[in-house]
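Reading through the structure tokens given below for one structure.
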Amino acid sequence: MKRRQELGLGLLGVLLVFGVCEAVSRAGIVRRSYLPPASEVLSRALELAGDSVFLDGIGATLRAWVFGLGLACAIAVPLGLLLGSVPLVDAAVRAIVEFLRPLPSVALIPLVSLLLGSGTETKVALITYACVWPILFNTIYGLGETDPLAKDTLRAFGFGRLAVLLRVELPGTAPFIAAGIRISAAVALILAVATEILAGFGEGLGIFIAQASLSTDGTRDVLAGVVWAGALGLVINGVLVWGERRLFPWTPEQRERAAAHRGRGV
Amino acid sequence: MSRDGAVAVRGGGVRQVGRVAVGGVLLRWVVLAVAVGCWEVAARAHDSVYFPPPGRIAHHAYELWFSGPVRHAFFTDAAVDNIGPSLGRMAAGFVIAAVAGIALGVAVGRSRRTYALCNPVLQFARAVPPPALVPVFVVVLDFGTQMQVASIAFSAVWPVLINTAEGARNTDPLRLDVAAVLRLNAVERLRFLLLPSALPRIFAGLRLSLSLSLILMVFSELLPGTANGIGFTLTDAQSRSDLLTVWAALVLLGALGYLLNTGLLAVEKRLIGKGRPI
């Protein structure tokens, strides 16, 4: 099947779903306050694009997202390189990591809000905690997958440990790190929105959704917020995938495999 | 240097690797014990309200949940009232998501056309951060178990669905031809061809869904309006500034997450180890 045909079919699928939602609502099969017509939700979502308060909220959410993800990278990549290249440290820390990782990070929201209040710091702290794991594990995993022959060759030529790390291991691991960052980007958005919904006040996309759900007949606004959240997720993922393809045109399969293996846990 | 040389070097290291592994396990536990010990000492020295010593957390968790009568298998009423419903909702949501995801995924992945038709919608559904959907379910289903199970199922279904579709789509065309020659009917094709070849992918999806279910279970219980569950225990303790209970619930959730993931990995190992065709 050609690329064009695929795109056409995909568009048809979107229109079908849109049409069904519209029809179900207009025909009165479900209560209109439960599922407003898709066209109304979409027009409300577009209307919000011109609403400066709403856009400020999106900005606040994205700021927390950027800071949290950036901090997580700054912690996880060096730590992953350390754990991946020094087996002793890896063995020592592994148990602690294995105990911390399965904890669902949304469960930390009550504790962190007690400690830090319900502002940006809470969001950033939670995002950082949750995003460290995928990046860390992908870094360690990628380091283990680097070509041993290339490393041996460099060593045979008398290059030191740092040179091997910089010339072979880091370039070899970079695609895995990028895949980890892509997974973490989605996780970060989940936590930003979750924290905001629970906080219920301040500014942010989640707060918009939470407040809309409390008002009567607010479903349209809630769904418009959800459309925005989904669009944001799609754009972020799209940009990251595009960046990965540009930066590392080789080994798409390996990256997928790493993502499938190490992507669990939020 | 030849490839064989590299292999030989690795082969010679097997015994050493074995010894390192045993030492590693030992090291792991020692380091963990030391870390917990340090926390205990530091927390007792500081006497901070926010970071109670692990010993007290463990004791509190025991008192709270596991000091019940023998006929309840030592579970207390608090455990029966809170852990039970949480696990039930999570199990219900996860099972619905898994069954629906695998069924729909196979349906979508069987033809390239259907896959192309559904792909953009699925990608969008997956891109929505799941907690954003919970308020929608609150509006439609009101607070309570229905809403929680629905949010868990609806959020956890996408990874299974997309991964299953992907797995079913990538079935070896040669095998499909063989199946056609052997005149396998639809059920047989599903049983012997599509499901086995999609199985590794399905499990990758199930793992993601499992952790999503746990997250959504907690999240939907953290919302005001719930009356029981581990998440409710957390918010309730938070509002009373009862840090010990908060920490105990966190430890419990971590242990649950670990157990669930380990269990799923064991099932995966069994199924894929045996049933996978070469």
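Bear in mind these aren't lab numbers, they're just calculated from the coordinates by the rules spelled out. In this text the structure is predicted, and so the values were computed from the model without any measurement. All Cβ positions, glycine included, derive from the backbone under ideal geometry; neighbour counts span all protein chains shown.
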- Check segment B:129-145 and report whether any residue there is assigned to a loop (DSSP other than H, G, I, E, B), buried (at least 22 other Cβ atoms within 10 Å of the Cβ) and out of contact with any Phe, Trp or Tyr (no Cβ under 9 Å at 6 or more places or on another chain). yes
- Can you tell me which residue in segment A:20-45 is nearest to the other protein chains (Cβ to nearest Cβ), limited to those that are part of a helix (DSSP H, G or I) and among the basic types (Lys, Arg)? A:Arg44
- Note on the structure: So the helices (runs of 4 or more DSSP H) completely within segment B:160-278 holding 1 or more residues that are within 30 Å of B:Leu133 (Cα to Cα) are B:195-222, B:230-239, B:243-275
- Conditions (1) without any contact (Cβ under 8 Å) to a residue 24 or more places away in the chain; (2) facing chain A (nearest Cβ under 10 Å); number of the one not met by B:Val95: (2)
- Item | Selection status of A:Ala188, over 22 Å from B:Leu243 (Cβ atoms), touching a Phe, Trp or Tyr at 6+ places or on another chain (Cβ under 6 Å), within 14 Å of chain B (Cβ to nearest Cβ) and part of a helix (DSSP H, G or I) | yes
- Message: Exactly one of these conditions fails for A:Gly142: (1) over 30 Å from A:Gly117 (Cα atoms); (2) away from every other protein chain (no Cβ under 14 Å); (3) in a loop (DSSP other than H, G, I, E, B); (4) within 28 Å of the chain's Cα centre (by Cα). Give me its number.
- Response: (3)
- Message: Against the condition in contact with a helix residue (DSSP H, G or I) (Cβ under 8 Å, 6 or more places away or on another chain), closer than 30 Å to A:Phe99 by Cβ and buried (at least 17 other Cβ atoms within 10 Å of the Cβ), how does B:Ala248 come out, does it pass?
- Response: yes
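Residues checked against (1) over 20 Å from B:Met217 (Cβ atoms); (2) surrounded by fewer than 20 Cβ atoms within 10 Å (Cβ to Cβ):
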position: A:Ile109; (1), (2): no, no
position: A:Ser118; (1), (2): yes, yes
position: A:Lys123; (1), (2): yes, no
position: A:Thr128; (1), (2): yes, no
position: A:Cys131; (1), (2): yes, no
position: A:Pro134; (1), (2): yes, no
position: A:Phe137; (1), (2): yes, no
position: A:Glu145; (1), (2): yes, yes
position: A:Pro148; (1), (2): yes, yes
- Query: Is it the case that segment B:99-112 has a residue that's of a type in the set (Gly, Ala, Ser), within 9 Å of chain A (Cβ to nearest Cβ) and surrounded by 18 or more Cβ atoms within 10 Å (Cβ to Cβ)?
  - Reply: no
